[in-house]
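Asks: Following this message is one structure expressed as structure tokens.
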Amino acid sequence: MNEFAHGAMIVGALAGAGCVASTRRTAPEFSASVIMVVAMVDMAATRLVPPLAWTLALVGIGVALGARLRSGRAAHGARIRASGDPRPLHRALAFIVGGWAFAMPAAAESAAPHLHGGGGAFVAAALAMTVFGGWLVVRELRTDGRRRLRHAAEAASTSLMLAAMAAPGVVAALA
């Protein structure tokens, strides 16, 4: 991946962490955003942690964040409903797709001829998440309030990070 894409990934992750830190989120959400920043820096610069470890960590965080969104029943039998807010879903899916990005280079080294379907699927997922994030930005900017501006910035930063992850695949497909 080129330096521009790496830089955009790090800037997106840092901006997302800043947005999370500036709102009143839970410690797990803040910790998750810090882990994403560390993962992006490691992917771009150091490669100290094996890609599979980052994949497992980020996908695990995404699944944990997503599990909090499910509908179900409370202990006393009352129905629990999801809030209908798409932002937590976007956040959870961003971790899953971000984790997938770490799996792609590892798979490319071991099975390059068989990667075409998986690489294309990753690029499609990253681009779909970028579009989802763009929609969230527009949605949040249409609503008044300073808090909404931070949510729009978080969606935009996540979209930047995911678009940067998908860019090398898109360039390779167009070449």
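The values are calculated or read from the model by the stated rules, or taken from the named source; none is laboratory data. Just so it is clear, the model here is predicted, and its values are computed rather than measured. All Cβ positions, glycine included, derive from the backbone under ideal geometry; neighbour counts span all protein chains shown. Keep in mind that these areas ignore ligands, DNA and RNA; they rest on the heavy atoms of the full protein, side chains included. Shrake-Rupley method; radii C 1.70, N 1.55, O 1.52, S 1.80 Å.
Asks: Among the residues in region 128-139, are any under 23 Å from Trp54 (Cα atoms) and either surrounded by fewer than 19 Cβ atoms within 10 Å (Cβ to Cβ) or modelled with pLDDT under 85 (or both)?
Replies: So far as region 128-139 goes, yes, one or more of its residues are under 23 Å from Trp54 (Cα atoms) and either surrounded by fewer than 19 Cβ atoms within 10 Å (Cβ to Cβ) or modelled with pLDDT under 85 (or both).
Asks: Additional query: Being on the phi < 0 side of the Ramachandran plot, modelled with pLDDT under 90 and not β-branched (Val, Ile, Thr) is true for just one of Ala32, Ala5, Ala15. Which residue is that?
Replies: Exactly one of Ala32, Ala5, Ala15 is on the phi < 0 side of the Ramachandran plot, modelled with pLDDT under 90 and not β-branched (Val, Ile, Thr), namely Ala5.
Asks: So, in region 9-49, how many residues would count as being part of a loop (DSSP other than H, G, I, E, B), over 14 Å from Arg91 (Cα atoms) and without any contact (Cβ under 8 Å) to a residue 40 or more places away in the chain?
Replies: Final tally of qualifying residues: 4.
Asks: Among (1) at pLDDT 90 or above; (2) open to solvent by less than 40 Å² (accessible area, probe 1.4 Å), where does Ala64 come up short?
Replies: (2)
Asks: Out of curiosity, is Leu160 buried (at least 20 other Cβ atoms within 10 Å of the Cβ) and either closer than 15 Å to Leu93 by Cα or not small (Gly, Ala, Ser) (or both)?
Replies: Against the criterion (buried (at least 20 other Cβ atoms within 10 Å of the Cβ) and either closer than 15 Å to Leu93 by Cα or not small (Gly, Ala, Ser) (or both)), Leu160 does not qualify.
Asks: Test each condition in (1) open to solvent by 60 Å² or more (accessible area, probe 1.4 Å); (2) at pLDDT 75 or above for Ala75 and report the one that comes out false.
Replies: (2)
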